[in-house]
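Peer 1: Here it is: the structure, laid out below.
The values are calculated or read from the model by the stated rules, or taken from the named source; none is laboratory data. Just so it is clear, the model here is predicted, and its values are computed rather than measured. Methodologically, a virtual Cβ is constructed for each residue, glycine included, from the backbone with ideal geometry; neighbour enumeration extends over all protein chains shown. What goes into the accessible areas is simple: the full protein's heavy atoms, side chains included, and nothing from ligands, DNA or RNA. Shrake-Rupley method; radii C 1.70, N 1.55, O 1.52, S 1.80 Å.
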2 protein chains.
Amino acid sequence: MAVSMDPGISLQELRLAARNHALPLEALRSPLTPIGLHYLLIHYDVPFVDPDSWQLEICGAVERPLSLTLEDLRRRPATDLTATMECAGNGRALLEPRPVSQPWLTEAVGTARWGGTALAALLEEAGPSRAAVDVVFAGLDRGVEGGVEQRYERSLPIDEALGSESLLAYAINGEPLPAQHGFPLRLVVPGWYGMTNVKWLTAITVLEEPFTGYQVTAGYRFKRSEDDEGRPVTRMRPRSLMVPPGIPDFSTRERILDPGPALLEGRAWCGRAPIERVEVSDDDGESWHDADVERDLEGRWAWVRWSYRWEPPRDGAFTLCCRTTDETGETQPLEPEWNVGGYENNAVQRIPVVVRP
Amino acid sequence: MAVSMDPGISLQELRLAARNHALPLEALRSPLTPIGLHYLLIHYDVPFVDPDSWQLEICGAVERPLSLTLEDLRRRPATDLTATMECAGNGRALLEPRPVSQPWLTEAVGTARWGGTALAALLEEAGPSRAAVDVVFAGLDRGVEGGVEQRYERSLPIDEALGSESLLAYAINGEPLPAQHGFPLRLVVPGWYGMTNVKWLTAITVLEEPFTGYQVTAGYRFKRSEDDEGRPVTRMRPRSLMVPPGIPDFSTRERILDPGPALLEGRAWCGRAPIERVEVSDDDGESWHDADVERDLEGRWAWVRWSYRWEPPRDGAFTLCCRTTDETGETQPLEPEWNVGGYENNAVQRIPVVVRP
């Protein structure tokens with residue numbers, strides 16, 4: 001992946017930013033992100049799928065290959081799962097030098113109540129081979145990436161596919177999946193970064209050897225240099241975001257606050273371990289104060305809400321920050337860990353504000 | 001408004017591009033744009049409005065000021081209007097030098113079926129003064145722009161407000177308006193650029209003198225230089241867009257086509273006069289060929305569909321273009337008319353493609 005030493009974003013990157021939608025940060029107020037505000041990363045083009053001719057194939061190293069219509073899937077036991085999903089490349093545009101790809105700032109996230117049927121039960125029904133290693137999920141979206149023509153495909157280790165709460169989802173927030181979220185069916189793997197949640201699902205293939213497709217061996221690897229083999233990107237690191245308080249300046253997006261106390265609020269999530277704590281700083285991370293955390297209102301895989309009553313000690317300029325720590329003790333860093341693909345940047349968000357006299 | 005002599009887009013512009021969503025061009029396939037793919041330009045923050053305490057005030061130079069709840073509005077005669085809406089700043093990022101604001105490329109457009117009640121009938125009921133000049137529409141969104149703190153406000157001339165098919169809309173594509181489209185109520189003025197269609201509407205004020213608010217006297221003026229007083233931006237110029245054919249390269253978004261004929265298709269619209277013609281070029285605008293146009297399937301204010309069966313004369317690289325001409329003879333130019341605010345850029349779209357051998 002190329003990196004840009006130029007501080008300016010290129011037209012190529014802007015083209016990606018135009019089609020891949022970020023969450024406007026004020027939408028962090030909603031526990032469930034409304035359709036149209038949830039982040040979207042679309043590798044190639046959105047396929048507009050005819051549900052009448054669509055089928056899901058479950059094949060490969062299984063005893064009973066299955067072909068299922070959308071109706072077949074809807075007749076299976078239905079379950080709901082609220083999950084926060086974040087793009088693995090969130091924060092990429094804040095790395096220096098900047099890896100050239102979708103230039104996310106901090107807003108590539110959203111939380112939805114996904115409705116569908118359990119992946120594990122369907123796989124068990126197909127009867128995976130005892131020698132199974134990986135399960136490959138293929139979407140109907142096609143394109144060229146890194147010189148390789150491909151349909152979008154990602155794999156999960158067989159134990160993860162059989163042991164997790166993963167869902168084959170045909171609904172979001174109580175509505176049928178819209179095209180941009182993967183109609184008619186997508187995978188939802190709670191706690192993993194977004195690239196795992198394959199959209200426009202067409203085939204699930206059980207393999208007896210490790211999957212070597214582009215999106216696992218070339219894409220989505222955390223590599224410190226081009227020569228580094230790296231490690232796969234999997235579960236979401238701890239991260240928190242704040243609703244920018246006050247009112248914005250249109251063009252700079254800087255915030256202006258009236259004098260007096262302000263309620264700071266936001267969300268925090270982690271795909272590795274539950275959230276332990278959220279802290280707030282009004283001095284760019286020099287000192288930190290505990291925020292109140294409302295835990296698990298929507299279950300383990302949804303972000304938690306946090307809030308903090310801030311008394312500005314004076315008027316003028318401040319840099320507000322928030323950071324979260326998970327139950328293993330992992331905390332968001334003040335500075336990101338640079339890597340070639342620009343993944344997993346969970347450095348603390350900084351919000352410049354001006355408090356009026 | 002500042003202009004950038006730097007070819008790179010700044011972080012400030014990227015911040016705007018992240019929150020203001022463009023239409024992914026493959027969504028031009030749909031006559032009605034699905035919620036979540038329609039373009040969004042949000043000047044300040046999305047206000048999340050409590051519908052139970054919300055009211056619409058109709059006031060100023062009227063005989064009978066009105067206060068209406070959402071229920072009151074829903075009880076009035078309901079009407080549907082399919083309208084194509086385009087941001088006045090669409091194409092801004094392709095101007096040189098580039099005006100610094102939301103850096104739209106070509107995709108700030110969408111078409112929706114708006115549901116609501118007629119503006120003109122409601123205004124007549126309030127009884128505007130015979131001396132009325134302008135009608136001001138105020139939204140609940142607040143911010144600072146050009147150094148001026150404001151709620152978003154735009155005006156229409158009284159004759160336009162009383163004589164047009166404008167709608168006070170509480171529904172989109174058969175669903176309640178989502179927050180990002182102006183819940184609980186927005187103005188829809190068919191044929192006008194997007195800035196006119198005030199969201200989160202809270203007050204309609206009839207004035208006996210011209211409105212002099214920021215968004216009419218400072219913003220949304222077509223000015224050839226900073227010293228030019230300019231003219232207001234009003235109705236949409238003729239424009240056409242093409243669904244990029246073939247499959248994309250992830251990072252460059254360049255298109256790869258298999259050999260053989262390709263169906264080129266897209267949409268065309270104009271707020272000034274109906275569409276007369278759409279043409280296609282495969283040589284960067286040197287020569288043009290008439291496309292088939294399907295007219296007015298959704299009424300006068302919706303885009304039309306066009307299609308063209310393209311036989312690539314060879315393999316290799318081409319630059320595909322489309323352009324439309326309205327009934328007054330106005331045609332899209334090959335090069336944009338530069339202006340300070342970067343408005344009304346309806347220059348033809350160029351799509352580089354490679355046809356495989």
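Peer 1: Label point 7 Å out from A:ARG74 along Cα-to-Cβ: which residues of segment A:157-172 have amide N under 20 Å?
Peer 2: The answer is A:167-172, whose backbone nitrogens lie closer than 20 Å to the label point.
Peer 1: For chain A, set up a Gaussian network in which alpha carbons nearer than 10 Å are linked by springs, and say which option among A:SER53, A:SER129, A:SER225 fluctuates the most.
Peer 2: Maximum fluctuation in the GNM of chain A, among the listed residues, is at A:SER53.
Peer 1: Computed from the mean reciprocal separation of all distinct C-alpha pairs, what Kirkwood hydrodynamic radius does segment B:46-189 have, in Å?
Peer 2: Taking the inverse mean of 1/r over all distinct Cα pairs, segment B:46-189 comes out at 16.8 Å.
Peer 1: If contacts are Cα pairs under 8 angstrom and at least 6 residues apart, what is the relative contact order of segment A:238-357 in percent?
Peer 2: Computed over segment A:238-357, the figure is 33 percent.
Peer 1: Relative to the isolated chain, which residues of segment A:9-33 have their accessible area cut by 40 Å² or more in the presence of all protein chains (1.4 Å probe, heavy atoms, no ligands or nucleic acids)?
Peer 2: A:ILE9, A:LEU11, A:GLN12, A:LEU14, A:ARG15, A:LEU16, A:ALA18, A:ARG19, A:HIS21, A:ALA22, A:PRO24, A:GLU26
Peer 1: Mind grabbing the interface size between B and A? I mean buried accessible area, both sides, 1.4 Å probe, in Å² to the nearest hundred.
Peer 2: 5000
Peer 1: Using the Cα gyration tensor of segment B:135-176, with a ≥ b ≥ c the square roots of its eigenvalues, what is the shape: rounded (a/c below 1.5), prolate (a/b larger than b/c) or oblate (neither)?
Peer 2: Oblate.
Peer 1: In terms of modelled amide H atoms, which long-range or inter-chain residues lie less than 5 Å from the amide H of A:GLU254?
Peer 2: Amide H neighbours of A:GLU254, under 5 Å, 5+ apart: A:ASP249.
Peer 1: Let me ask you something else. As an exercise, identify the trypsin sites (Lys or Arg not before Pro) in segment B:60-136 lying in DSSP coil whose Cβ has no more than 16 other Cβ atoms within 10 Å.
Peer 2: Taking segment B:60-136 and a limit of 16 other Cβ atoms within 10 Å, the loop trypsin sites (Lys or Arg not before Pro) found are B:ARG130.
Peer 1: Here's something else I'd like to know. For chain A, what is the charge dipole size about the Cα centre, in debye to the nearest 20, if Lys and Arg each add +1 at the Cβ and Asp and Glu each add -1 at the Cβ?
Peer 2: Magnitude of the dipole: close to 460 debye.
Peer 1: Report the one residue of A:ILE351, A:GLY246, A:THR202 whose Cα lies farthest in the direction of the positive end of the charge dipole of the protein assembly as shown (charges on C-beta: Lys and Arg +1, Asp and Glu -1; origin at the Cα centre).
Peer 2: A:THR202
Peer 1: Mind checking B:36-45 for the average number of partner chain beta-carbons within 10 Å of each residue's beta-carbon?
Peer 2: 5
Peer 1: Return, ordered by residue number, the residues of segment B:151-182 whose backbone nitrogen is under 16 Å from a label point located 7 Å along Cα→Cβ of B:GLU209.
Peer 2: Counting only backbone N, you get no residues.
Peer 1: Just reorder A:PHE318, A:PHE48 by solvent-accessible area, largest first, 1.4 Å probe, all chains present.
Peer 2: A:PHE48, A:PHE318
Peer 1: Once amide H atoms are built 1.01 Å from N in the peptide plane, which residues 5 or more positions from A:ALA302, or in another chain, come under 5 Å H to H?
Peer 2: Placed amide hydrogens put A:THR84 under 5 Å from A:ALA302.
Peer 1: Additional query: Report the one residue of A:GLY316, A:SER287, A:VAL304 whose Cα lies farthest in the direction of the positive end of the charge dipole of segment A:224-331 (charges on C-beta: Lys and Arg +1, Asp and Glu -1; origin at the Cα centre).
Peer 2: Of the candidates, A:VAL304 comes out farthest on the positive side.
Peer 1: Quick query: amide H of A:ASP134 versus all other amide H atoms, modeled in the peptide plane; which residues come in under 5 Å with a sequence gap of 5 or more or a different chain?
Peer 2: Here A:ILE158, A:LEU207, A:GLU209 satisfy the definition.
Peer 1: Would you mind giving the mean number of other chain beta-carbons within 10 Å of the Cβ of each residue in B:249-260, as a whole number?
Peer 2: Mean inter-chain Cβ contacts per residue within 10 Å come to 5.
Peer 1: Okay, moving on. When the Cα centres of segment A:31-98 and segment B:37-109 are compared, how far apart do they sit, in Å?
Peer 2: So the two Cα centres are separated by 31 Å.
Peer 1: Report, for A:GLY147, each distance to the same residue's label point in the other copies, shortest first and in nm; define the point 7 Å along Cα→Cβ.
Peer 2: 5.4
Peer 1: May I ask you to report, in nm to one decimal and beginning with the shortest, the distances from B:LYS223 to the same position in the other copies, taking label points 7 Å along Cα-to-Cβ?
Peer 2: Taking the point 7 Å beyond Cα along Cα→Cβ, the inter-copy spacings are 4.9 nm.
Peer 1: Would you rank B:ASP228, A:ASP52 by solvent-accessible area, highest first, keeping every protein chain in place and using a 1.4 Å probe?
Peer 2: A:ASP52, B:ASP228
Peer 1: If you don't mind, there's one more thing I want to ask. Would you work out the relative contact order for chain A, in percent, from Cα pairs under 8 angstrom that are 6 or more residues apart?
Peer 2: It comes to 18 percent, rounded to a whole number.
Peer 1: Compute the FRET efficiency between B:VAL148 and B:ARG272 as 1/(1 + (r/R0)^6), taking r as their Cβ-Cβ distance and R0 = 35 Å, and round to the nearest 0.05.
Peer 2: Efficiency, from the Cβ-Cβ distance: 0.70.
Peer 1: Could you pull out the GluC sites (Glu not before Pro) across segment B:34-93 that fall in loop regions by DSSP (anything but H, G, I, E, B) with no more than 10 other Cβ atoms inside 10 Å?
Peer 2: Those that pass, being in a loop and sparsely packed, are B:GLU63.
Peer 1: Taking the dipole about the Cα centre of the protein assembly as shown, with the C-beta of Lys and Arg at +1 and of Asp and Glu at -1, give me whichever of A:ALA218, A:GLY115, B:VAL216 is farthest to the positive side.
Peer 2: A:GLY115
Peer 1: Express the accessible area of segment A:252-336 per residue in Å², computed with a 1.4 Å probe while the remaining protein chains stay in the model.
Peer 2: 47
Peer 1: Taking a ≥ b ≥ c as the square roots of the eigenvalues of the Cα gyration tensor of segment B:112-188, is the shape rounded (a/c under 1.5), prolate (a/b larger than b/c) or oblate?
Peer 2: Oblate is the answer for segment B:112-188, as a/c is 1.5 or above yet b/c matches or exceeds a/b.
Peer 1: Pull out a ≥ b ≥ c, the square roots of the eigenvalues of the alpha-carbon gyration tensor of segment B:231-357, then state rounded if a/c is under 1.5, prolate if not and a/b is larger than b/c, and oblate in the remaining case.
Peer 2: Judged from the Cα gyration tensor, segment B:231-357 comes out prolate (a/c at least 1.5, a/b above b/c).
Peer 1: Determine the gain in length on full extension of the stretch A:ARG309-A:GLU63; use 0.36 nm per residue of separation and subtract their C-alpha separation, reporting nm with one decimal.
Peer 2: This chain segment gains 82.7 nm when fully extended.
Peer 1: Charges at C-beta only: +1 for Lys and Arg, -1 for Asp and Glu. How large is the resulting dipole of the protein assembly as shown about its Cα centre, in Debye rounded to 20?
Peer 2: That gives the protein assembly as shown a dipole magnitude of about 520 debye.
Peer 1: With a point put 7 Å past each Cα toward its Cβ, work out how far B:ARG29 is from A:SER129 in nm, to one decimal.
Peer 2: 3.5
Peer 1: If you look at just the Cα atoms of chain A, how large are its Rg and its Dmax in Å?
Peer 2: 21.0, 72
Peer 1: State the extension gain, in nm to one decimal, for the chain segment bounded by B:GLU229 and B:THR217, taking 0.36 nm per residue of separation less the distance between their alpha-carbons.
Peer 2: Extending this stretch completely gives an extra 3.4 nm.
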